[in-house]
Structure formats: C-alpha cells, structure tokens
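Shown next, in structure tokens, is the structure this report addresses.
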Amino acid sequence: MINDIRDQLNQYTTWLKDKTALRQVNDWVEITSPLVDRHNDHLQVYVKQENGSYILTDDGYTLGDLINTGCKLDTKTRQDLLRMTLAGFGVQREGDELIIRASTENFPQKKHNLLQAMLAVNDLFFTATPIVTSLFVEDVAVWLDQKDIRYMPRVKLTGRSGFDYVFDFAIPKSKSRPERLIKAINRPSTDAAKSFILSWLDTREARPDDSTAVAFLNDTEHEVSSSVLSAFSSYDVEVTQWSNREQYVEALAA
C-alpha cells in the first residue's frame, strides 16, 4: 500500500513539473501551472527577484475575478475568512494582489502555498447566484457547533513531500473513532476531488495509521456526480453530503 501511494506521489510530482510553463514578461517571470480554476483556466503566478529574494504574486487575478463575477468581499465575515485563509498559507493581501515572499531555499514551498491560497480563496468565496449569502465552510462550522461536535478549524499539516496543506476542520481522536481531517468542498467537481485526494495522500503517511479523511460536499444546488463519489471511495475518503448531513452526526460526534 505504501509503495502504491509513493508511486502516486511521484507521478504527481512529475506531472507538476512537466505541465508547468515559464515566460519572461519584462522584469517578471510568468509561471503557468497545470492547476485550473473554476473557469478551467490554468493558474498563473508572477515572480520577480528583489534584493536576493523573490516576490510571487497572482497579479490581482483571484480577488479581481471574484469581484467581477459578483462576489463582493464587503462583509466582516468574508474579510475575516479571507484573512484567516491567507494567513494559513502565509500569503499577504496587498490591494487586490495575493503576494508571498520567498528565499532560494523555500521557493518551491512558497510557490505551492500561493497556488493553494488562490484555489482556497476561489472556492471559499465564489457563489453561483447572488441570493446565496452564506459560505459553505461557515455553514459547516455553524452546523458542527449546533451538534456539539468538537473540532479544530483551519489546521495546517505538512505532507510527506514537505508541502503544507490546510484542512478546514480536524476532529481529534476519541476512544471509539480515529482522527478525522475534513475538507468542505463548495463545488464538488472532479478537479476539486483530485486536489483533496492528493493532499490527503501526501499527508496520510505523516499522520497516525488510522487517521481518516472526510469530504463535506455541498449538493444543495447540484447533485454530486458518480465520478466524484467514486474517486473519493477509491482512496477511502469518507463523504458527507450536505443534504444528508444529519445521518452523520453520530459518527462525527463520537
């Protein structure tokens, strides 16, 4: 089993390297990654060397895209969640840009953190229709509180590769249940499933043997596809569909 997971991680690393493209843009280098956003566009970051270190930025794309599609970041809840999300990845907001600074030694990790922050902010804040005013992660937290389910929010863990991943919630180990690491996925797409599965595979070897991954899937507007459910099942990720969440209370509270 360990060798299978190691092969998967090696394939993932090779895929990242082979599918990354570089282009010089004046004083900046444009890095096009194989990761895609909700428009199926490849995420791009820009890098410039300055005083022996590096500045990496999304050039304002992430927040600009959300604002242009009607998701205003003008409430205290959204501002607080934005700050908490960025802080979890060590990313700063300067105007509408997401920025991180790196040294030669930690450049790969910092680039990874910026890309993960772009994906996390995009998923946390994008709402399909203007009438949707609450955020899915917030909804999950409120529900966990109502059911008196103990948890730790926004837990950052380091995987076997040395990369950091942020899980939305962690439920500590109890006498009857193992540690559970939870990701709240607002738009359960195949790409979102792959992203969570890869983060879980990388983190798994660094956690207790019986640790479990749980995906909270928002199925209130669209039915979750069988391919997404099959992907999670193949890698032993437990699924909690939001419409049926009450049936999972006992297992999560244990």
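Key figures
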read-out: Proxy reagent accessibility, fewest Cβ within 10 Å first, across His112, His42, His222; value: His222, His42, His112
read-out: FRET efficiency, 1/(1 + (r/R0)^6) with R0 30 Å, evaluated for Asn10 and Thr190 via beta carbons; value: 0.90
read-out: Extension gain (nm, one decimal) between His39 and Asn68, 0.36 nm per residue minus Cα-Cα; value: 9.1 nm
read-out: Highest average packing first - 191-201, 83-93, Cβ atoms within 10 Å; value: 191-201, 83-93
read-out: The chain, helix-only ellipticity at 222 nm - DSSP H runs n ≥ 4, -39,500 (n - 2.57), divided by all residues, nearest 500; value: -12000 deg cm²/dmol
read-out: Helix axis angle, 76-89 relative to the chain longest principal axis, alpha carbon, degrees; value: 70
read-out: Additional length obtainable on full extension of the chain from Ser226 to Asp209, 0.36 nm per residue less Cα span; value: 3.3 nm
read-out: Note, ³J(HN,Hα) from phi for region 173-184, Karplus 6.51, -1.76, 1.60, rounded to Hz, x at Gly and Pro; value: 4, 10, 5, 10, 9, x, 4, 10, 9, 10, 10, 8
read-out: Along each principal axis, Cα extent of the chain, largest first, Å; value: 57, 47, 31
read-out: Förster radius 35 Å - calculated FRET efficiency between Asp145 and Ser53, Cβ distance, rounded to 0.05; value: 0.25
read-out: Listed residues Glu94, Glu179, Glu205, most fluctuating in the chain (Gaussian network, C-alpha, under 10 Å); value: Glu94
read-out: Efficiency of FRET between Glu138 and Lys175 - r from beta-carbon atoms, R0 30 angstrom, step 0.05; value: 0.50
read-out: Volume per residue that the Cα convex hull of region 131-204 spans, once the total is divided by residue count, Å³; value: 109
read-out: Fewest-first ranking of Arg101, Arg78, using other Cβ atoms within 10 Å as the exposure measure; value: Arg101, Arg78
read-out: Principal-axis tilt of helix 190-204 within the chain, Cα atoms, nearest 10 degrees; value: 80
read-out: Pairs from Lys156/Lys183; Lys17/Lys183; Lys19/Lys110 whose Cα-Cα separation, in the structure shown, is over 20 Å; value: Lys17/Lys183
read-out: Where N is the number of residues in region 136-253, Cα Rg divided by 2.2 N^0.38 Å; value: 1.00
read-out: Value of Rg/Rh across region 14-125 [Cα atoms, Kirkwood radius]; value: 0.96
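No lab work stands behind these numbers, since they all come straight from the coordinates. Note that the structure is a prediction, hence the values are computed from the model and not measured. Here Cβ is always computed from backbone atoms with ideal geometry, including for glycine, and neighbour counts include all displayed protein chains.
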